[in-house]
Amino acid sequence: MVYGDKFDKLFSPIVPVPLERIIMKKHKETLNISTHTTLTFYDTPGHSRHHFSIYDPISNGIFTGDTAGIQYEYQDQYFYLPSTSPNHFDPEAMKSSMNLYSSLNVDRIYFGHYGMSEDVEYALTESRNWLDVFIEESQALFVFSDGFENNTKRISSRLYHLVESEWIRAGVHSTSDILIHVKLDIEVSAMGLVDFLYKQQA
């Protein structure tokens with residue numbers, strides 16, 4: 001749905017995990033990986049319904065996948081945006097998961113994309129704030145009868161303009177590769193926002 005005819009080029013081949021190596025975990029269940037390390041699993045939907053985050057007590061850090069958003073770096077500056085890609089995106093569930101991260105008082109977030117942050121509350125606050133912007137702007141621009149593609153293009157263009165303007169004010173050069181990268185990410189996030197809005201109004 002997201003990558004269309006680019007899927008095979010990006011991801012093929014997908015090699016299955018042997019069944020005997022799959023471990024099923026529920027919310028707050030643990031896994032001993034050494035004599036001094038026990039990981040804790042948290043059910044953290046929002047980005048997807050099946051998403052889990054993993055707490056590491058040694059670093060007092062949590063591996064959040066995409067639920068805490070995406071971290072971008074530009075000349076020692078860090079920026080954060082939510083990942084609202086289809087097709088299980090749920091803004092209220094995402095906010096609840098982010099609140100869970102805050103309640104754990106972790107010292108580090110390990111992002112699925114890209115890297116680690118020790119400025120936990122700043123990262124979560126930025127992702128939450130941009131999530132509100134993404135939702136508000138998408139709702140204002142969404143037209144049910146206009147079709148998925150047109151809605152996605154219109155919302156993606158608006159969100160990119162807002163992010164680009166904010167980042168340039170923060171010091172990002174207008175020709176930086178980071179803006180090319182974030183434009184692609186926002187296009188995917190716009191697809192998830194449109195998918196969510198169609199489900200809400202169906």
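The values are calculated or read from the model by the stated rules, or taken from the named source; none is laboratory data. From a predicted model like this one, the values you see are computed outputs, not experimental measurements. Here the Cβ positions follow ideal geometry from the backbone for every residue, glycine too, while neighbour counts run over all protein chains shown.
Checking the condition outside any loop (DSSP other than H, G, I, E, B), in contact with a helix residue (DSSP H, G or I) (Cβ under 9 Å, 6 or more places away or on another chain) and either at pLDDT below 95 or over 28 Å from residue 160 (Cβ atoms) (or both), which residue from 42, 55 passes?
From the options 42, 55, the qualifying one is 42.
Consider region 75-124. How many of its residues are among the hydroxyl-bearing types (Ser, Thr, Tyr), at pLDDT 95 or above and either more than 14 Å from the chain's Cα centre (by Cα) or over 22 Å from residue 161 (Cβ atoms) (or both)? Talk me through it step by step, then tell me what you get.
The first filter runs over region 75-124 and keeps only residues among the hydroxyl-bearing types (Ser, Thr, Tyr), leaving 78, 80, 83-85, 96-97, 101-103, 110, 114, 117, 122.
Add one more test, that the residue is at pLDDT 95 or above, and what stays is 78, 80, 83-84, 96-97, 101-103, 110, 117, 122.
Pick out the ones that are also either more than 14 Å from the chain's Cα centre (by Cα) or over 22 Å from residue 161 (Cβ atoms) (or both) and you get 78, 96-97, 101-103, 110, 117, 122.
Number of matching residues: 9.
For region 1-34, enumerate the residues that are surrounded by 10 or more Cβ atoms within 10 Å (Cβ to Cβ), under 25 Å from residue 54 (Cβ atoms) and within 21 Å of the chain's Cα centre (by Cα). Show your work before the answer.
Filtering region 1-34 down to residues surrounded by 10 or more Cβ atoms within 10 Å (Cβ to Cβ) leaves 1-3, 7-8, 25, 27-31, 33.
Checking the rest, the ones that are also under 25 Å from residue 54 (Cβ atoms) come to 2, 25, 27-31, 33.
Scanning region 1-34 gives 2, 27.
Across region 154-171, what is the total count of residues that are surrounded by 17 or more Cβ atoms within 10 Å (Cβ to Cβ) and either among the hydroxyl-bearing types (Ser, Thr, Tyr) or more than 16 Å from residue 185 (Cα to Cα) (or both)?
Count: 2.
Looking only at helices (runs of 4 or more DSSP H) that fall completely inside region 73-182, which ones have 1 or more residues that are closer than 26 Å to residue 59 by Cβ and free of Cβ contacts under 8 Å to residues at least 12 places away in the same chain?
Numbers: elements: 91-103, 120-141, 148-169.
Per the criteria, 91-103, 120-141.
Yes or no: residue 40 more than 26 Å from residue 193 (Cα to Cα), surrounded by 14 or more Cβ atoms within 10 Å (Cβ to Cβ) and under 24 Å from the mean Cα position of the chain (by Cα)? Lay out the reasoning, then the answer.
Numbers: more than 26 Å from residue 193 (Cα to Cα): yes; surrounded by 14 or more Cβ atoms within 10 Å (Cβ to Cβ): yes; under 24 Å from the mean Cα position of the chain (by Cα): yes.
Here the answer is yes, as residue 40 does meet what is asked.
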